[in-house]
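The values are calculated or read from the model by the stated rules, or taken from the named source; none is laboratory data. As the structure is a computational prediction, the values presented were derived from the model and not from experiment. Neighbour counts run over all protein chains shown; Cβ positions are idealised from the backbone, glycine included. The protein model used for the area step is the full one, side chains on, heavy atoms only, and it has no ligands, DNA or RNA in it. Shrake-Rupley method; radii C 1.70, N 1.55, O 1.52, S 1.80 Å.
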Amino acid sequence: MEDRSIALIMASTLVCNTVRKVLKRKGLSYPVYELSTWRGLEKAKELAENGTRMIISHGLTYEMIRENVGIPTMALPFSGIEAAIAVKAALRHSKRIIHMGASRSLNQYLNKSLTLLGIEGAKIDFHRLSENRSSDEQTQQRIAEGYEVIIGGFPTVNYARSHGKIGIEFDVDEFVIEGTLSTAEELVQKLREEEAKHELINAILNSISDGIIAIDRDRRVFLANPAARHLLKIPAGTDDGTVLEALLRKNRIVNVMDGSVRRPPQSDATRVVLKEVPVIVGEQLQGSVVSMAKVEEIQELESKIRARIVQKGLVAKSTFDDIAGTGAAITKIKERAKVYARYDSTVLITGETGTGKELFAQSIHNESRRKKQPFVAVNCATLPENLMESELFGYVKGAFTGASKEGKAGLFESADKGTIFLDEISEIPISMQAKLLRVIQEREIIRIGSDTVVNVDVRIICSTNRDLLRQVRDGKFKEDLYYRLCVLEVVVPPLRERKEDIADIARVLVGRFNRLHGKNVTDIAPEVLRRLEAMPFPGNIRELGNILERMTILCEGRVMDMGVLARSGIPPSPGERKSATPEQGGGVSFREAQASTIIRALEQTGGNKAAAARLLGVDTSTLWRKMKSLGIR
């Protein structure tokens, strides 16, 4: 199949034949076009429109393509050997020789060849072909001037021969052709890599809702993503080249963070938050990257975030009585947390996902002297970095154009006299950690746009499911902040380390789901509890709750037995061989439950029995035997 990434266009039959010979030897399939200069130019334009990445040519054709076609063009060079061969052939006929071509550099090779051949006093004249006159006309003029031998490309040589003169074409050395092709292939590969990078950058820019603009050192816009083009009214597919400030004025766009703007913008102005990052290369300013976000969009996002943050209200609902379990591990940690609750020191709660860290935070608050004051829970992972400071610390009236007329209290102020719970504290960016450290140390905040210190009386409780010490070692968490947080530490054990509590937790959860779904499950079969106690529960209590809610919904009677467990998608434990009695109210035997579980596992694995066996926790041979005994095919 022909590879059109590179194309070769020459007017010379001799050169085209040599090029085809090299391509065949190298096993390459690039197209070769033997065309006159103007036809070659039209072909080059056509190829460029249809995906060709590079064109190789020579002489006047090369010059024309390079100047008029918008893809890279490489010259196929002649060497001194071809020049000497051409000169030697010309001297056999006459000393009235002229070279007609696009470049004088080749003529220098021709004249040096005279010296190499030991011919003194001779000279090969040069005529540079003009694009404004036909080659035939120019060749006829040289013939009229008395030149007997014409060295050049095919059009001039062909005309000279047709008028009884000697025409000598250049050939191109095969090794020169090979080298030119190798260089062209390397350049095309680099072009493809650059295009891939460009497409990736475009995809990133196009996915950003904020306007992104690149400006040069003269502050002229040379790149803008769709959001910026919409704001600045720059047509798609064009490079504007206008000074950024002129575009802002033209489109009545006002940067509300610009302290030099004294008067409020007119009502029809578009208010934006504009941030600029200079681009320094070799200690020289090369330009800047500018981001723009509309104030109204920021305010809308801010409102949604605040609604999510405080959706639980400012009240802690849980107490230590709500933490089910009487095992040694949980009892010990509850007793320690109750002691911590009496003091105002910062508490760090650590534990895996789903272990109930917020349950402990609320319980500590409700056991403390602050229990009648606000409890503000903040999920740090949901706060975008550019809004985190205003959400936590608030801002004053006039902090920026478009801000609330009354200003806004931050969440620390909302928690004054009470407790603020910073969930997923590990997700706070390093840039915000220093500010948080000051609040913890000084118990004071400064709203954005203000120079007034506001004292806050808050109890700080934090939680994380990450290893903060490792994050400290990795440079992702400030060491001094870690030690300020970890004054009192509560380590909530995972469910796999408190198996003895699963029965108590399960009964509490089933009671909750009864109320939620209008069910009346009054008991859990012992074999079900044993199966639950044997499970690893990587998702801890949250995972256990999901399973029990599903089982509560599926349970038709009052007792949650193995049949319900099987229908909920939980396979029996390996080695289970007993037949179950029919489920109370359900009428499903353990044999039927086993069959249902195996069928479900096969469906989940697309009929792959080895994968189904792994899912069920049994050997493949055991699964085969069980399927045979149950009549499953």
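Side notes on the structure shown:
- Close pairs (8 angstrom Cβ cut-off, 6 or more residues apart or separate chains): among the basic types (Lys, Arg) in region 199-224, assigned to a helix (DSSP H, G or I) anywhere: 219/244; 219/245; 220/244
- Filtered residue count, region 331-350, keeping only those that are farther than 16 Å from residue 487 by Cα and either charged (D, E, K, R) or assigned to a loop (DSSP other than H, G, I, E, B) (or both): 3
- Residue check, residue 183 touching a helix residue (DSSP H, G or I) at 6+ places or on another chain (Cβ under 8 Å) and either free of Cβ contacts under 8 Å to residues at least 12 places away in the same chain or assigned to a helix (DSSP H, G or I) (or both): no
- Taken over region 63-101, the criterion of being among the small types (Gly, Ala, Ser), closer than 26 Å to residue 5 by Cα and open to solvent by less than 10 Å² (accessible area, probe 1.4 Å) is satisfied by no residue.
- Taken over region 145-156, residues that are more than 12 Å from residue 90 (Cα to Cα) and either in contact with a helix residue (DSSP H, G or I) (Cβ under 9 Å, 6 or more places away or on another chain) or surrounded by 17 or more Cβ atoms within 10 Å (Cβ to Cβ) (or both) amount to 4.
- Output for region 107-124, where each listed residue is assigned to a helix (DSSP H, G or I) and touching a strand residue (DSSP E or B) at 6+ places or on another chain (Cβ under 7 Å): 107, 110
- Top-ranked residue in region 71-85 [being modelled with pLDDT under 85 and not aromatic (Phe, Trp, Tyr); ranked as nearest to the chain's Cα centre (by Cα)]: 77
- Selected residue (criterion: least open to solvent (accessible area, probe 1.4 Å)) from residues of region 357-372 that are in a helix (DSSP H, G or I) and among the charged types (D, E, K, R): 357
- Residue 504 vs. criteria open to solvent by 30 Å² or more (accessible area, probe 1.4 Å), without any contact (Cβ under 8 Å) to a residue 40 or more places away in the chain, farther than 26 Å from residue 427 by Cα and among the acidic types (Asp, Glu): no
- Residues satisfying the stated conditions in region 373-394, i.e. in a helix (DSSP H, G or I) and polar (S, T, N, Q): 382, 386, 390
- Candidate set: region 396-425, residues that are of a type in the set (Ser, Thr, Tyr) and either open to solvent by 10 Å² or more (accessible area, probe 1.4 Å) or on the phi > 0 side of the Ramachandran plot (or both); chosen: the one modelled with the highest pLDDT: 414
- Taken over region 157-170, the criterion of being outside any helix (DSSP H, G or I) and either in contact with a strand residue (DSSP E or B) (Cβ under 8 Å, 6 or more places away or on another chain) or surrounded by 19 or more Cβ atoms within 10 Å (Cβ to Cβ) (or both) is satisfied by 165, 166, 167, 168, 169, 170.
- Hey, residue 467 modelled with pLDDT of 90 or more, buried (at least 20 other Cβ atoms within 10 Å of the Cβ), within 35 Å of the chain's Cα centre (by Cα) and acidic (Asp, Glu) or not: no
- So residue 241, is it open to solvent by less than 60 Å² (accessible area, probe 1.4 Å), farther than 23 Å from residue 387 by Cα and modelled with pLDDT under 85: yes
- Qualifying positions in region 1-37 - under 13 Å from residue 153 (Cβ atoms) and loosely packed, with under 14 Cβ neighbours inside 10 Å: 13
- Test for residue 276: is it more than 30 Å from residue 80 (Cα to Cα), modelled with pLDDT of 85 or more, of a type outside the set (Phe, Trp, Tyr) and part of a strand (DSSP E or B): yes
- For region 38-62, a residue qualifies if it is in contact (Cβ under 8 Å) with a residue 40 or more places away in the chain and open to solvent by less than 50 Å² (accessible area, probe 1.4 Å), and the qualifying residues are 47, 51, 52, 54, 55, 56, 57, 58, 59, 60, 61, 62.
- Residue ranges of helices (runs of 4 or more DSSP H) in region 436-552 with at least 3 members touching a helix residue (DSSP H, G or I) at 6+ places or on another chain (Cβ under 6 Å) and more than 24 Å from residue 354 (Cα to Cα): 479-485
- Residue in region 599-607 that is of a type outside the set (Phe, Trp, Tyr), over 26 Å from residue 543 (Cα atoms) and either surrounded by 16 or more Cβ atoms within 10 Å (Cβ to Cβ) or modelled with pLDDT of 70 or more (or both) present: yes
- Just one of the numbered conditions (1) under 26 Å from residue 77 (Cβ atoms); (2) in a loop (DSSP other than H, G, I, E, B); (3) touching a strand residue (DSSP E or B) at 6+ places or on another chain (Cβ under 8 Å) is not true of residue 127: (2).
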